1. Return the inverse of the average 1/r over all pairs of distinct C-alpha atoms in segment 266-359, which is the Kirkwood hydrodynamic radius, in Å to one decimal.
2. In the full protein assembly as shown, how much of HIS158 is accessible to a 1.4 Å probe, in Å² to the nearest 10?
3. Of all the accessible heavy-atom surface of segment 222-373, with the other protein chains kept in place and a 1.4 Å probe, what percent is carbon and sulfur?
4. Between GLU143 and ASN346, what is the label-point separation in nm under the 7 Å Cα-to-beta-carbon projection?
5. Once both labels are modelled 7 Å past Cα along the beta-carbon direction, what's the GLU43-TYR70 spacing in nm?
6. Keeping all protein chains in place, calculate the accessible area per residue for segment 142-279 (probe 1.4 angstrom), answer in Å².
7. For ILE142, enumerate residues with amide H under 5 Å from its amide H, sequence gap 5+ or separate chain, H modeled in the peptide plane.
Amino acid sequence: MSTTADYYETLGVSKTASADELKKAYRKLAMQYHPDRNPDNKEAEAKFKEINEAYDVLKDEQKRAAYDRYGHQAFAGGMGGGAGANPFNGFDFTGAGFADVFSDIFSEFTGQGRSRQRSYAERGEDIRYDVTMTLEEAFTGIEKEINITTSKECEHCHGFGTADGKEAPVCPTCGGSGKVRTQQGGFFVFETTCPQCRGAGRVVLEKCKKCRGTGKEKVEKALKIKIPAGIENGTRMRVSGEGEVGRRGGPKGDLYVFITVKRHSKYERDGADLFVETPISMAKAALGGKFKLKGIDGEEIEVEVKAGTQPDDRLRLKGKGMRYMNSDRRGDLFVQFKVVIPSKLNDKQKECLKQFEQEAPEEEKSFWSKLFS
């Protein structure tokens, strides 16, 4: 045992370090100087033993108090250290005892604690249902009755999957943890799925004949779901507890409803806004006028065309678009004008337009000449 190295300096902590700080420092150094990471390195091996010696004393409140008061003399023969006074008497750095201690450190790094008996209950699986709806239905929202294929607990075995309807016995190989440990190299401990229970932690000796050991039965179920107004294409709705039944007392899964909103023949949608292209005559674009447009809610909307409207000009009608979900607010409707140029004209129409061309400003004449050439 070292009689010169200060235990706090060895671990790189202050004398007021908490238990968590000590443990964190020890883990870091133990991994750094572990013999498996430093083969044939005598200095690392010696450092590793010093680290363990220091931590073994400081992690124990009584030993730490004695060390703080008397230093290394606290563990000299006959002074507060108990029989032999050496905190490492009987401690084998290469045997199973140390491997068990180091496995705790290893498990913390991998996010796994010591093997415990796992919960035998299992949550039920989630299920999916697809709903296709029109843009008008998405605007108003709908209540829809659907039929889903799900499961219920097996009435014969009560969900345990056993022939006698009772809970299966704990797996003798893993003790109910679902995992088995193997030790290699004297230090490292590896966990693998138990080969006997395949991770379940229990072994069904005789399966239920009705459900074949699954613990559940398939059923058809009618369900009413409410799809809110303003829902968008691609939305996923969760209906809690309407999925597959859990096994052995586990909770049910959830139902996920995936929404597809069909493309509209007239309107394009962007969030809560709607866009529509509307053809207007050349005369109406030039002179102005009004026409009616059927909105997504079925309302007749009066649209005013300003005199001198140009092709692809856009008019914004506030509050005439889709509803925002879970809100009374609405987006806007954007009307884009498509000026229609007639492909056939009678003689009178041609004469009127030629006269108009002659009186048109110089920069517009090229357009009219192309039209009647």
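The values are calculated or read from the model by the stated rules, or taken from the named source; none is laboratory data. Every value quoted in this text rests on a predicted model; they were computed, and no experiment measured them. Here the Cβ is made from the backbone with ideal geometry for all residues, glycine too, and neighbour counts use every protein chain on show. Accessible surface is based on the protein model in full, side chains and every heavy atom, while ligands, DNA and RNA are left aside. Shrake-Rupley method; radii C 1.70, N 1.55, O 1.52, S 1.80 Å.
1. Values: mean 1/r = 0.0668 Å⁻¹.
Value: 15.0 Å, from the Cα pair sum.
2. 100
3. Working: 4460 of 9650 Å².
Exposed carbon and sulfur together represent 46 percent of the surface.
4. Inter-label distance under the simple model: 5.8 nm.
5. Placing both labels 7 Å beyond Cα along the Cβ direction yields 3.5 nm.
6. On the way: 7790 Å² over 138 residues.
Each residue of segment 142-279 exposes 56 Å² on average to a 1.4 Å probe.
7. So ILE142 has HN proximity to ILE227.
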